[in-house]
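Step one of this worksheet: look at the structure below.
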Amino acid sequence: MIFSETNLKGAYVIEIEKIEDERGFFGRSFCLREMEEHGLKSDVMQANTSFSHKKGTLRGIHYQVPPYEETKLIRCVRGSIFDVIIDLREGSPTFMKWTGVELNADNYKMVYVPEGFAHGFLSLEDNVEVYYNVTAFYTPGAERGIRWNDPAFNIQWPLEPLVISQKDREHPDFASQSYNSSYPGT
């Protein structure tokens with residue numbers, strides 16, 4: 001596995017290191033030892049799959065408040081997405097910053113989303129499937145969201161979202177929310 005830290009402290013793009021031959025390739029998409037060597041949380045509690053029928057479908061931007069925060073490892077297994085994460089850890093050097101990464105079925109990239117981050121994605125084509133591991137159980141009462149066009153973040157989506165759930169459309173601006181996730185540093 002190839003680990004590249006993003007511009008957000010503690011968040012990574014992880015690529016499958018391919019061992020190729022005439023049949024195709026083999027590579028690890030998860031290795032507990034390698035995750036631990038990079039200081040990454042890896043105690044998976046759930047594995048989730050998301051399928052979006054239409055290009056321009058936006059999912060998120062979601063997070064869970066302490067003590068129910070989640071770490072996620074995101075991979076697009078069909079189609080392509082623009083994956084967005086936002087650092088919500090007060091005290092972090094990248095607090096309130098976002099980054100976006102294109103994940104698709106051909107580039108085999110994954111995004112490691114640490115606790116204290118919000119996450120969402122936009123489908124870049126029809127019939128997109130996303131698979132992700134999560135380190136905490138979903139806790140409905142702890143779920144919060146940030147509206148996709150919140151001016152506090154000014155996310156530069158590659159295309160206008162066309163399909164958004166009512167719930168995701170109604171998320172308030174982050175400035176009006178109460179969230180306290182301290183950044184422990186390294």
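The values are calculated or read from the model by the stated rules, or taken from the named source; none is laboratory data. Source: prediction; values computed, not measured. Every residue, glycine among them, receives a Cβ derived from its backbone with ideal geometry; neighbour counts consider all protein chains shown.
A few notes on this one:
- Residue within segment 114-121 that is over 30 Å from Glu37 (Cβ atoms) and either surrounded by fewer than 16 Cβ atoms within 10 Å (Cβ to Cβ) or touching a residue at least 12 places away in the same chain (Cβ under 8 Å) (or both) present: no
- Residues located in segment 48-76, provided they are at pLDDT below 95 and among the aliphatic types (A, V, I, L, M): Val65
- Any hit, segment 100-108, residues being of a type outside the set (S, T, N, Q), touching a helix residue (DSSP H, G or I) at 6+ places or on another chain (Cβ under 9 Å) and without any contact (Cβ under 8 Å) to a residue 60 or more places away in the chain: no
- No other residue among Glu36, Glu102, Glu17 is at pLDDT below 95, of a type in the set (Asp, Glu) and surrounded by 13 or more Cβ atoms within 10 Å (Cβ to Cβ) apart from Glu17.
- Total residues in segment 4-44, condition over 19 Å from Val77 (Cα atoms), of a type in the set (A, V, I, L, M, F, W, C) and under 16 Å from the mean Cα position of the chain (by Cα): 3
- When we screen Tyr131, Tyr68 for residues that are touching a Ser or Thr at 6+ places or on another chain (Cβ under 6 Å), touching a residue at least 24 places away in the same chain (Cβ under 8 Å), among the aromatic types (Phe, Trp, Tyr) and outside any strand (DSSP E or B), the only hit is Tyr68.
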